[in-house]
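The values are calculated or read from the model by the stated rules, or taken from the named source; none is laboratory data. The structure displayed is predicted, hence computed values, not measured ones. Counting neighbours? That spans all protein chains shown, and the Cβs are built from the backbone with ideal geometry, glycine included. Note: accessible area is taken over every heavy atom of the protein model, side chains too, but ligands, DNA and RNA are not part of it. Shrake-Rupley method; radii C 1.70, N 1.55, O 1.52, S 1.80 Å.
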Amino acid sequence: MTTEEVQKHSVHTLVFRSLKRTHDMFLSDQGNPPMKDDKSEKVKRLIKLQDEYGLVKQSAKKETGPKAITNAGDASHVGSTNGEEAMKGQGDRMNQSSESERSSSNNKALVSVQIGQQQMLVPKKAPTMPKPNWHPPWKLARVISGHIGWVRCLAVEPGNEWFASGAGDRVIKIWDLASGTLKLTLTGHVSTVRGLAVSGRHPYLFSCGEDKMVKCWDLEQNKTVRHYHGHLSACYALDLHPTIDVLSTCGRDGTVRVWDIRTKACIHTLTGHQNTVAVVKCQSPEPQIISGSHDCTVRLWDLAMGRTRVTLTNHKKSVRALALHPLQYAFASGSPDNIKQWKFPDGNFLQNLSGHNAIINSLACNSDGVLVSAADNGSLHFWDWRTGYNFQRVQSLTQSGSIHSEAGVFALAFDQSGSRLITGETDKTIKIYKEDETATEDSHPINWRPDIYKKKRY
């Protein structure tokens, strides 16, 4: 019995043979576009016509209705037949004219406007960039030395008489705002102090640091009266709620914790960020907490529910800075890619402020609409909040004896009047800037070009 030899083929041959079979099987479905059906094209055109110009045609009919009825009563049967044909011809012409109108509307955007009972299509106005408000330039007024470590955080007292600074030397110093003299030094932290907040409702100062400690200082006794235990790693920022007696803190453990000031109880541990949470802010109209993280997201938390309301994923890089506008219901977030403005409570995007290409450590905004961004390379950018116009750039100078790489700005704070800007820097100094009183619109004009429209990019 002879066995027939099985013919062996390469995989390549087999694959292409099966491809050819498949192609032959479905040849009738390929390469033959469906025939154009004139009837369906006409129906489609009429539907589009009705959709775009239906309202205009209805309003025109309402106006010409009574006249058409009287004419129809007087006219004879023949006349009405001729009228119908004329109407039909007119309808065809209207279809053709509307076709040409629609083709030309690609070049000119039309917008529908209601005027009384009539609805009209008018050309849309070209978008224009609003002219920025003029702000006087800022200049350096005072340099305060005293810390022996990087100045990492600042807080101004609600009465505007003094401000506190925390630094890498593990101490909190309280300075007189008017004269810049040292009033008090508070010791107790065993690592860098990273966050400070002064209560406007109680004589308390709150601090947090890289030692995982969150402390409450009694300013009448100048000593620690409460500790808030719970963070598993370094605590990087804190903020007091303006209307409720709660304190929010965040840190390297990727959580935002909400504490009852009086009982020291942890009300909420807000989890969701995938990396270090660098900054946290509280806003009062809707009890809400905003946090920015190294996972490139900004989260808006519902304080009552204790969970995320919105996660903003627009930033491409770490978010280390947030600033709430004192008057508008909005806030800004800072990242090396862009500074972005958002609207409360749902985090609707407003606009980008582009140009500060550095690691932004801090943001501050005053009631005049001046937003300041501070970066690792010592640059300060001053922006007009409304238009996003960058009206001034300042490069911070290091104090004598410091190396050039120590020109970084870690903290920003406006005083309560918004007329003084305090910065905490890596050359271990605190600098105070103020508006230049001699400047006018003529001496420092706005370099504004209205022909450039700033698009809102995500």
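A few points about this structure:
- Legend: distances between Cα atoms for Lys317/Lys343; Lys212/Lys281; Lys139/Lys428; Lys281/Lys434; Lys139/Lys183; Lys173/Lys316; pairs beyond 28 Å are Lys173/Lys316.
- Farthest toward positive dipole pole in region 137-247 [+1 Lys/Arg, -1 Asp/Glu at C-beta], among Thr185, Gly168, Gly195: Gly168
- Full-extension gain in nm, Thr185 to Lys48, via 0.36 nm per residue minus C-alpha separation: 41.8 nm
- Once the Cα-Cα distance is subtracted from the 0.36 nm per residue extended length, the Asp24 to Asn133 segment shows a gain of 32.2 nm.
- For region 167-183, putting each phi into the Karplus relation 6.51 cos²θ - 1.76 cosθ + 1.60 with θ = phi - 60° gives couplings of 9, x, 8, 6, 10, 10, 10, 10, 10, 6, 5, 6, 9, x, 8, 6, 9 Hz, in residue order, rounded to whole numbers and with x for Gly and Pro.
- Amide hydrogen neighbours beyond the local backbone of Ile144, cut-off 5 Å, H modeled: Ile430, Lys431, Ile432
- Note on Ser354 and Thr438: the extension gain reaches 27.3 nm, defined as 0.36 nm multiplied by sequence separation minus the Cα-Cα distance.
- Of the whole protein surface, Arg393 contributes about 150 Å² of accessible area at a 1.4 Å probe radius.
- Ordering of 380-388, 256-264 by burial proxy (mean other Cβ atoms within 10 Å per residue, highest first): 380-388, 256-264
- Once both labels are positioned 7 Å from their Cα atoms along Cα-to-Cβ, the gap between Leu140 and Ala304 label points is 5.0 nm.
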